[in-house]
Amino acid sequence: MLLYGVVNASPDSLNTDSIVASADEALARARRLLADGADAIDLGGQGSTDAATVVGWTDEWQRLEPLLPALATLGVPISVDTWRPEVARRALAGGATVLNAADGLQTDEMWAVAAEAVVDVVLPFLSGPNPRQMALVRADPIGVMLDFFGERLAVADRFGMRQRCILDPGTGFAPSGWPWEERYLYQKMVYGRLEELRVFGLPLYVALPWKNTAQHDELLEIVLHQRPEYGRVHYPAKVRGVEHRLGLA
């Protein structure tokens, strides 16, 4: 599994270890992630949780702009995690090589940005217009995802982008105020059925559980047994260790 190590230029990320405030800090964290087993870097400048303050796209870009040239010197893939086409366009021109499209590519504008740059795209399932406005999925989640991806990939065909898409079940996002016990059961169900998303013949990408609890560790093992091609990770050494222990390395 190819791992994207997380570097957050947003100051209110829930994972404080991932937060950087300068190009030097970003480069130091990226080097640690790569040394610990990551293969690539995922860079974001706007948090998606309830704890994050939403800033304008110009502020988001100001957080990212000085970091990209430094990270580009590492010679590894760099994905930009954003739901704003203005930020995506500038980041892809400034050194990012993959679009982690946090809007679920629900507008033609974001598809156009990806198509113009000719890059691979992480296409996440969203139950709302962006990660900050999500609704609970009341129906069978895999069925809902299959419908969502089918609709988005039909649009991808218009832009000649289907084969550049990487499908993400969107479990890193959550509706506001969703109790953990309910979210845990939802994730357990989805992770155990990831194979059903392979009907589209496209690779899978999962935001890997990172907290140190028995439930998060259980979820991580379920994901790894499903062998997604890509993972988004805060602590790659732990993931590589679990892969080795499970005989999946």
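The values are calculated or read from the model by the stated rules, or taken from the named source; none is laboratory data. Quantities reported herein were computed from a predicted structural model and do not represent experimental measurements. Please note: Cβ atoms are built from the backbone with ideal geometry, for glycine as well, and neighbour counts cover all protein chains shown.
Values as computed for the structure displayed
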read-out: Those residues of the range 29-59 which are aliphatic (A, V, I, L, M) and over 21 Å from G231 (Cα atoms), in sequence order; value: A51, A52, V54, V55
read-out: Answer residue from the range 153-189, given it is of a type in the set (K, R) and farther than 17 Å from V199 by Cα and is surrounded by the fewest Cβ atoms within 10 Å (Cβ to Cβ) among those; value: R158
read-out: Check on V239, under 22 Å from L185 (Cβ atoms) and out of contact with any Cys (no Cβ under 7 Å at 6 or more places or on another chain); value: no
read-out: In the range 109-129, the residues that are surrounded by fewer than 18 Cβ atoms within 10 Å (Cβ to Cβ) and assigned to a loop (DSSP other than H, G, I, E, B); value: V118, G128, P129
read-out: Condition check for A174: of a type in the set (G, A, S), touching a Lys or Arg at 6+ places or on another chain (Cβ under 9 Å), modelled with pLDDT under 95 and within 30 Å of V119 (Cα to Cα); value: yes
read-out: Residue check for E65: more than 30 Å from G192 (Cβ to Cβ) and either aliphatic (A, V, I, L, M) or in contact with a helix residue (DSSP H, G or I) (Cβ under 6 Å, 6 or more places away or on another chain) (or both); value: no
read-out: For L153: the one exception among (1) touching a Cys at 6+ places or on another chain (Cβ under 8 Å); (2) in a loop (DSSP other than H, G, I, E, B); value: (2)
read-out: Filtered residues of the range 18-36 (kept if surrounded by fewer than 20 Cβ atoms within 10 Å (Cβ to Cβ) and either within 15 Å of Y4 (Cβ to Cβ) or not polar (S, T, N, Q) (or both)); value: I19, A21, A23, D24, E25, L27, A28, R31, R32, L34, A35, D36
read-out: Meets criteria (assigned to a helix (DSSP H, G or I), surrounded by 14 or more Cβ atoms within 10 Å (Cβ to Cβ), modelled with pLDDT of 95 or more and under 18 Å from the mean Cα position of the chain (by Cα)) for V242; value: no
read-out: Matching residues in the range 45-104 - criterion: being β-branched (V, I, T) and more than 19 Å from E116 (Cβ to Cβ); value: T49, T53, V54, V55, T58, T73, V76
read-out: Selected residue [at positive phi and free of Cβ contacts under 8 Å to residues at least 40 places away in the same chain] from G95, G37, G56, G104; value: G95
read-out: Boolean, A214 is more than 20 Å from the chain's Cα centre (by Cα), loosely packed, with under 11 Cβ neighbours inside 10 Å, within 16 Å of V121 (Cα to Cα) and small (G, A, S); value: no
read-out: Subset of the range 78-103 (residues that are in a loop (DSSP other than H, G, I, E, B) and either of a type in the set (S, T, Y) or surrounded by fewer than 17 Cβ atoms within 10 Å (Cβ to Cβ) (or both)); value: T97
read-out: Odd one out for Y205, checked against (1) among the hydroxyl-bearing types (S, T, Y); (2) touching an Asp or Glu at 6+ places or on another chain (Cβ under 9 Å); (3) in a helix (DSSP H, G or I); value: (3)
